[in-house]
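Here is the structure we will look at, set down as structure tokens.
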Amino acid sequence: MPKAAAAAAPPTITTGDAEAALTQLEECIRTNYRKGAAGLAVVRDLASVVAVAEAGKPVAQDTDLVEVAFRAVLAGLVREALAGGQDLLDEKKFGLRALLDVALGLAQGGGGGGVGLRSVFFLLEDVFEFLGVEQIQAFWPEVEAREEALFALFKVARKSNLTMLKLCNSLLRKLSKSHNTAICGRIMMYLSR
């Protein structure tokens, strides 16, 4: 019984203790992102607490802690994949799609009040930065599958559409228009929508 009560109590984070909050949030994402809806709920609870604690930060500070935490978790996965010579897209080993879904779930939030609204876009940008041509072709359908949810976030996430435009242009430069015609066409169709 005491364990359940401790798990239900939201964590407390003091304003100004950004480094501790970031470490706590990274660990929470790392341990819960593969647990489906239950994991999303745990991450959402902590991310909401962090967002409230950081609400008084100066406007000039453009990066939120949720975004930084997701990028740090992804960087850890990339390091692990490179160190072991493994494929980053191995879902059983690294769970990249699950990480993307947690970021998207947080951004969508209940009733439009999501946290880390831009996190999913920067996460996508970082993911595609690390992928090779074959991996881009394998992972792009994940973006297309989440198209409706991503488009809905364009309305509320500041500059998210610019991030996606930059991502798509970067991918088109990376891919060969003569050898990767199909995926280039799909990216261009995505841009046109």
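The values are calculated or read from the model by the stated rules, or taken from the named source; none is laboratory data. Just so we're clear, the structure is a prediction, and the values are computed from it rather than from any experiment. Virtual Cβ from ideal backbone geometry, glycine too; neighbours counted across all protein chains shown. Heads up: the accessible areas ignore ligands, DNA and RNA and are worked out on the full protein's heavy atoms, side chains in. Shrake-Rupley method; radii C 1.70, N 1.55, O 1.52, S 1.80 Å.
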Taking the condition of being under 13 Å from the mean Cα position of the chain (by Cα), surrounded by fewer than 21 Cβ atoms within 10 Å (Cβ to Cβ) and on the phi > 0 side of the Ramachandran plot, how many residues in region 92-123 meet it?
1
Those residues of region 174-193 that are modelled with pLDDT of 90 or more, out of contact with any helix residue (DSSP H, G or I) (no Cβ under 8 Å at 6 or more places or on another chain) and open to solvent by 90 Å² or more (accessible area, probe 1.4 Å) come to a total of 1
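Can you tell me which residue is most open to solvent (accessible area, probe 1.4 Å) among those in region 126-139 that are within 15 Å of the chain's Cα centre (by Cα) and not aliphatic (A, V, I, L, M)?
Applying the filter and picking the extreme gives 129.
Just to verify a result, which residue in region 149-165, among those that are modelled with pLDDT of 85 or more and within 14 Å of residue 192 (Cα to Cα), is most open to solvent (accessible area, probe 1.4 Å)?
The qualifying residue most open to solvent (accessible area, probe 1.4 Å) is 162.
Got at least one residue in region 24-35 being surrounded by 12 or more Cβ atoms within 10 Å (Cβ to Cβ), at pLDDT 80 or above and more than 15 Å from residue 70 (Cα to Cα)?
Yes.
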Could we say that residue 89 is open to solvent by less than 50 Å² (accessible area, probe 1.4 Å) and closer than 21 Å to residue 68 by Cβ here?
no
Say we look at region 51-71 and pick out the residues that are buried (at least 16 other Cβ atoms within 10 Å of the Cβ) and among the aliphatic types (A, V, I, L, M); which of these is modelled with the lowest pLDDT?
53
Would you confirm, using the coordinates I've provided, whether residue 125 is touching a Ser or Thr at 6+ places or on another chain (Cβ under 8 Å) and over 19 Å from residue 174 (Cα atoms)?
no
